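Report on the following structure.
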There are 2 protein chains.
Amino acid sequence: MSALLERIAAVVGPHGLITDEATLEPFLIDWRKRYIGRALAMVKPASTNEVAEVVRLCAAERTAMVPQGGNTGLAGGATPDASGTQIILSLSRMNRVRGIDPLNNTLTVEAGCTLVAVQEAARTADRLFPLSLAAEGSCEIGGNLSTNAGGTAVLRYGTARELTLGLEVVLASGEVWNGLRGLRKDNTGYDLKHLFIGAEGTLGIITAAVLKLFPLPRGWATGIVGLDSPESALALLSHARERFGERLTSVELFSDFCLDLVLRHFAESRAPLRARHPFYVLIELADSHPSEHVRQQLEDGLAAALEASLVRDAVIATSEAQTRAVWALRESISDAQAREGKNIKHDVSLPASALAEFIAVTGTALERAYPGVRVVCFGHLGDGNLHYNISSPVGVDADAFLANQETINRIVHDRVVHFHGSISAEHGVGQLRRDEILRYKPPIEMELMRKVKAALDPLGIMNPGKLIARMNQL
Amino acid sequence: MSALLERIAAVVGPHGLITDEATLEPFLIDWRKRYIGRALAMVKPASTNEVAEVVRLCAAERTAMVPQGGNTGLAGGATPDASGTQIILSLSRMNRVRGIDPLNNTLTVEAGCTLVAVQEAARTADRLFPLSLAAEGSCEIGGNLSTNAGGTAVLRYGTARELTLGLEVVLASGEVWNGLRGLRKDNTGYDLKHLFIGAEGTLGIITAAVLKLFPLPRGWATGIVGLDSPESALALLSHARERFGERLTSVELFSDFCLDLVLRHFAESRAPLRARHPFYVLIELADSHPSEHVRQQLEDGLAAALEASLVRDAVIATSEAQTRAVWALRESISDAQAREGKNIKHDVSLPASALAEFIAVTGTALERAYPGVRVVCFGHLGDGNLHYNISSPVGVDADAFLANQETINRIVHDRVVHFHGSISAEHGVGQLRRDEILRYKPPIEMELMRKVKAALDPLGIMNPGKLIARMNQL
């Protein structure tokens with residue numbers, strides 16, 4: 001063992017240092033299995049002080065660190081590079097709930113708490129922590145914050161960034177910044193937490209956070225509607241915002257081809273409406289009133305939408321089982337398309353006013369370039385966020401079709417940027433989009449990012465090669 | 001005229017350069033008349049390009065710039081220093097609404113738009129821009145963003161920071177960063193807008209912004225309750241959040257002494273309830289439903305609070321005139337205390353769970369140090385934000401009492417920090433709290449702030465001496 005690892009072992013103890021190859025293996029590869037790296041070791045500190053001590057030891061040797069939470073990221077942000085010289089810094093042992101303050105509606109947790117554990121801690125105090133996403137059982141809150149995670153309740157409650165009041169961060173120097181404030185207002189200087197949220201571990205290591213809590217809703221209503229087009233879906237969104245205000249929690253869009261895939265690959269699934277429609281929107285309300293009341297509101301609102309010909313058909317779930325079935329349709333799309341074969345994924349956002357035209361124009365361009373190509377278009381309509389994935393034409397081998405990834409990314413992302421959108425709405429940059437953002441971001445913005453990176457991590461040891469091109473590549 | 005001013009005049013034209021002393025005078029003094037400075041000139045660019053050109057010219061000569069909006073700040077952040085070498089950079093001529101996108105719920109405005117003009121632009125598109133504060137007729141949105149303004153609707157809609165999606169900023173180099181995005185989700189790198197929001201012009205000059213809009217509420221209800229204590233007020237806040245969810249727009253607290261001052265100095269004002277109570281809370285709901293409906297909800301909720309003995313008495317405004325009268329009580333407190341004589345002001349925030357104890361402990365400490373001292377305690381309870389101002393004991397000259405400011409600040413702010421609060425909740429740092437934050441912020445946090453400052457404004461020409469101690473003073 002190297003002298004560095006010996007010194008680290010003395011800090012983190014026998015449970016805190018993993019060098020055994022077999023044990024390391026799952027942590028060297030990302031969730032989608034697109035990136036495989038090597039590592040000197042995985043270090044698992046059990047406290048903020050241990051993290052700080054490890055960072056100081058690594059900084060002294062110029063050894064790079066790759067922070068890792070639940071390792072569920074979709075952009076390769078937590079996978080070490082191939083050099084074998086980096087250390088994976090796992091926060092998983094730091095999984096305590098440090099405190100809950102129901103009167104202040106705040107929860108203080110360590111980075112290694114799973115998202116589900118955070119949600120549950122809130123619920124035990126009769127409060128809601130609204131961040132929710134598919135990986136919630138295994139992703140960790142430190143990763144959620146470092147990637148500014150989104151999910152299905154952003155429309156109402158915001159992204160991980162907006163749910164954070166304070167942070168504790170181990171800086172690149174090994175110093176600890178205790179910014180664990182539980183305040184709604186604090187104008188005593190630069191709001192430094194925003195530097196670390198969404199920075200993917202490139203500026204420091206988030207070790208704990210103060211999160212916002214909300215009253216637990218008492219009633220819910222979930223419906224699904226069939227529509228003509230994305231234009232209609234956007235008109236419905238406007239109608240729903242106007243009518244339901246902040247009761248509106250989720251507005252999720254998917255195309256008929258998405259439904260097709262789900263019905264084909266999940267035998268237990270059923271089409272939600274009598275007829276088929278080009279697009280569907282799942283709409284959910286939650287309120288401090290009982291469910292009967294909320295359902296009545298949704299019913300009245302959708303009746304008005306039907307009358308105004310915004311939607312072609314609508315149904316409201318009247319039982320827990322029906323609600324689950326409706327959500328299962330939406331949540332099975334990712335798995336269904338995976339069962340259909342590999343595809344080329346995009347996670348984009350657009351101004352709502354450009355969304356319909358983007359879908360039309362991009363679909364046309366893809367069809368012209370690849371006749372028969374199948375677009376898996378779904379996402380968080382309320383946030384302008386589409387998961388716009390491309391499957392091969394019927395009869396074309398899915399694996400072979402992946403060779404067109406570069407060209408297809410260009411077709412999709414050029415149009416996203418033309419319409420003033422983002423090429424990574426919620427998944428982040430990591431390794432996946434690191435070089436691509438150089439193409440699309442204004443150079444002055446990259447320069448600002450580099451200045452911030454150089455100021456906070458002058459040695460370039462915090463997750464190098466992620467999000468921002470390595471300093472020595474500039 | 002100096003060569004620099006001649007070059008600037010060539011950029012901004014005859015309307016854009018003011019050197020005449022009489023015309024300059026009102027811009028050399030802050031709103032509260034605590035800070036008086038001098039200036040080389042006031043420059044009023046009419047476009048982003050003109051701002052950029054002016055910054056480049058100033059940077060070349062190392063001439064410092066003090067950005068100024070409506071000059072309504074309460075911390076001296078927009079007042080030049082006494083050297084007479086600084087330039088006031090007024091954004092007031094940049095007052096165009098660049099665009100409104102109702103479907104995307106965004107509004108793009110230039111920094112010099114007054115807050116009222118922004119609110120009105122939103123309303124013409126049947127939308128709400130919820131930021132609202134006393135100075136809204138004259139403050140400008142660029143200043144609101146640079147100071148992360150708060151106000152009366154933060155509980156529901158957040159501060160200026162949370163209402164901003166994108167920025168256009170002229171950097172210290174004179175380069176323009178166009179970050180005018182209207183996206184709810186964008187994870188393509190560091191979220192740089194948060195560096196400039198609340199930075200009081202020390203990192204760059206905000207020239208335009210994309211702001212979030214909301215549906216216009218259709219119904220309102222306003223009530224006022226009398227309570228025993230801050231503890232009861234906090235219990236009511238919990239009850240109201242639980243019961244009303246996001247309909248809850250404002251929860252404002254004031255003590256009986258505040259009411260006393262208003263009744264004494266405003267002949268037309270009336271006590272809102274039959275009896276007097278130690279504390280009052282103004283509570284306002286807004287919803288997409290008609291006012292009758294919202295009032296019924298408020299009535300039911302306050303009836304339950306009465307039954308649970310959370311409140312001693314309650315009344316709901318049943319007309320527009322009554323609503324205005326209730327708000328007038330709350331909004332007259334600042335003027336009433338000014339008419340009573342000068343006082344020592346604090347703008348603090350605390351975790352809700354510490355607020356009642358803070359009020360008790362601090363009141364006792366002040367009374368012990370200055371028997372008979374009168375505390376003007378009011379504020380945005382829903383945000384944990386108190387304007388905790390100190391008037392002289394009856395019979396003690398108010399001006400003379402101001403000599404105790406330093407000691408009284410210490411008594412109040414030491415306790416704020418003891419309870420993990422902030423010594424500047426919404427007013428900012430400016431000159432007023434610049435040295436005081438050095439006492440209370442962790443040194444590592446000041447160091448991070450200085451690193452950011454040095455990275456973005458290496459010449460130290462952006463509003464030097466505000467928010468962060470001058471680089472050469474370090």
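Points to keep in mind about this one:
- Note on the range A:83-158: Kirkwood radius taken over Cα pairs, Stokes-Einstein applied at 20 °C and 1.002 mPa s, translational D equal to 162 µm² s⁻¹.
- Our coupling estimate for the range A:425-432, obtained by passing each phi through the Karplus curve with A = 6.51, B = -1.76, C = 1.60 and θ = phi - 60°, is 6, 9, 7, x, 9, x, 8, 4 Hz, Gly and Pro reported as x.
- Dividing the Cα radius of gyration of the range B:249-294 by 2.2 N^0.38 Å, with N the residue count, gives 1.45.
- Whole-Hz ³J(HN,Hα) from phi, Karplus 6.51 cos²θ - 1.76 cosθ + 1.60, for the range A:48-53, glycine and proline x: 4, 4, 5, 4, 4, 5
- Value of [θ]222 nm, deg cm²/dmol, for the protein assembly as shown, DSSP H segments ≥ 4, -39500 (n - 2.57) each, nearest 500: -10500 deg cm²/dmol
- Projected-area average for the protein assembly as shown over all orientations - Cα convex hull basis, square nanometres: 39.4
- Interchain or long-range residues, amide H under 5 Å from residue B:314's placed H: B:226
- Extending 7 Å from the Cα toward the beta-carbon at both residue B:339 and residue A:34 defines two label points whose distance is 6.6 nm.
- Computed accessible area, residue A:342, all protein chains, 1.4 angstrom probe, square angstrom: 120
- Computing FRET efficiency as 1/(1 + (r/R0)^6) for residue A:260 and residue A:360, where r is the C-beta to C-beta distance and R0 is 25 Å, gives about 0.80.
- Amide hydrogen neighbours beyond the local backbone of residue A:424, cut-off 5 Å, H modeled: A:349, B:187
- Shortest-first distances to equivalent copies, position residue B:123, nm, label 7 Å out along Cβ: 4.4
- Ligands, DNA and RNA are left out, and with a 1.4 angstrom probe the accessible area of chain A is 36 Å² per residue.
- In plain terms, the bigger the Kirkwood radius, the slower the diffusion; for the range A:361-474, with that radius from Cα pairs, at 20 °C and 1.002 mPa s, Stokes-Einstein puts D at 133 µm²/s.
- Over 15 Å [Cα-Cα, the range B:10-51], rounded percent: 48
- Note on the range A:1-132: along the principal axes its Cα atoms extend 49, 33, 23 Å, ordered by decreasing extent.
- Ordering B:360, A:244, B:188 by Cα displacement along the dipole of the protein assembly as shown toward the positive end leaves B:188 in first place; charges were set at the Cβ atoms of Lys, Arg (+1) and Asp, Glu (-1).
- Dipole magnitude of the range A:81-136 about its Cα centre (Cβ charges: Lys, Arg +1; Asp, Glu -1), debye to nearest 20: 140
- Between the residues B:380, A:22, A:269, the greatest Cα displacement towards the positive end of the dipole of the protein assembly as shown, with unit charges on the Cβ of Lys, Arg, Asp and Glu, is found for A:22.
- Taking Cα centre as origin and charging only the Cβ of basic (Lys, Arg, +1) and acidic (Asp, Glu, -1) residues, the dipole magnitude of the range A:374-474 rounds to 300 debye.
- Placing a label point 7 Å from the Cα of residue B:419 along the Cα-to-Cβ direction, the residues of the range A:104-120 with a backbone N closer than 13 Å are A:104.
- Once divided by 2.2 N^0.38 Å, the Cα radius of gyration of the range A:313-398 becomes 1.26.
- Approximate spin-label separation residue B:299-residue B:331, in nm, with each point projected 7 Å along Cα-to-Cβ: 2.6
- Alpha-carbon centroids, the range B:300-354 and the range B:67-102: separation in whole Å: 32
- With DNA, RNA and ligands ignored, accessible area of residue A:310 (1.4 Å probe; Å², nearest 10): 40
- Bridge type composition, chain A - antiparallel percent by DSSP, nearest 5: 85
- Copies compared at residue B:443 - label distances in nm, ascending, label defined 7 Å from Cα in the Cβ direction: 4.1
- Surface accessible to a 1.4 Å probe, residue B:331 within the full protein complex, Å²: 120
- Kirkwood hydrodynamic radius of the range B:248-375, from inverse mean 1/r over distinct Cα pairs, in Å: 16.6
- Projecting the Cα atoms of B:440, B:401, B:413 onto the charge dipole of the range B:398-474, computed from C-beta unit charges around the Cα centre, puts B:440 farthest toward the positive end.
- In plain terms, the chain from residue A:438 to residue A:47 could stretch by 137.1 nm, reckoned as 0.36 nm per residue minus the Cα-Cα distance.
- Convex hull (Cα only) mean projected area of the range A:133-188, reported in nm² to one decimal: 5.2
- Full extension of the chain between residue B:62 and residue B:450 gives 137.8 nm of extra length, using 0.36 nm per residue less the Cα-Cα distance.
- In this structure, the amide hydrogen of residue B:167, modeled 1.01 Å from its nitrogen in the peptide plane, lies closer than 5 angstrom to those of B:179, B:180, B:181, B:210, counting only residues at least 5 positions away or on a different chain.
- Protein-only accessible surface order, largest first, of B:358, B:279 at 1.4 Å: B:279, B:358
- For the range A:108-263, the equivalent ellipsoid built from the Cα gyration tensor has semi-axes of 33, 17, 16 Å, listed from largest to smallest.
- Hydrodynamic radius of chain A per Kirkwood, over alpha carbon pairs, in Å: 23.5
- Size of charge dipole - chain B - debye, nearest 20, with Cβ of Lys, Arg +1 and Asp, Glu -1, no other charges: 540
- Straight-distance candidates among the lysines for linking to residue A:345, with alpha-carbon spacing under 25 Å and chain neighbours fewer than 8 residues away dropped: A:33, A:441, A:466, B:185.
- The alpha carbon radius of gyration of the range A:144-229, expressed as a multiple of 2.2 N^0.38 Å, is 1.39.
- Inter-label distance, nm, simple model (7 Å from Cα along the C-beta direction), residue B:18/residue A:400: 7.3
- Set of aspartates and glutamates with alpha-carbon distance to residue B:212 below 13 Å, sequence-local pairs under 8 removed: A:383, B:101, B:162
- Contact order for chain B, expressed relative to its length and based on alpha carbon pairs under 8 Å spaced 6+ residues apart, stands at 15 percent.
- Whole-Hz Karplus values for the range A:391-405 come out as 9, 5, x, 4, x, 9, 4, 4, 5, 4, 5, 4, 4, 8, 3 Hz, taken residue by residue from phi with 6.51 cos²θ - 1.76 cosθ + 1.60 and θ = phi - 60°; glycine and proline positions read x.
- For residue A:397, inter-copy label distances in nm, listed shortest first [label point 7 Å out on the Cα-Cβ vector]: 9.6
The values are calculated or read from the model by the stated rules, or taken from the named source; none is laboratory data. Quick caveat: nothing in here was measured; it's all calculated off a predicted structure. Cβ atoms come from the backbone with ideal geometry, glycine included; neighbour counts cover every protein chain shown. We work out accessible area using only protein heavy atoms, side chains counted, and drop any ligands, DNA or RNA first. Shrake-Rupley method; radii C 1.70, N 1.55, O 1.52, S 1.80 Å.
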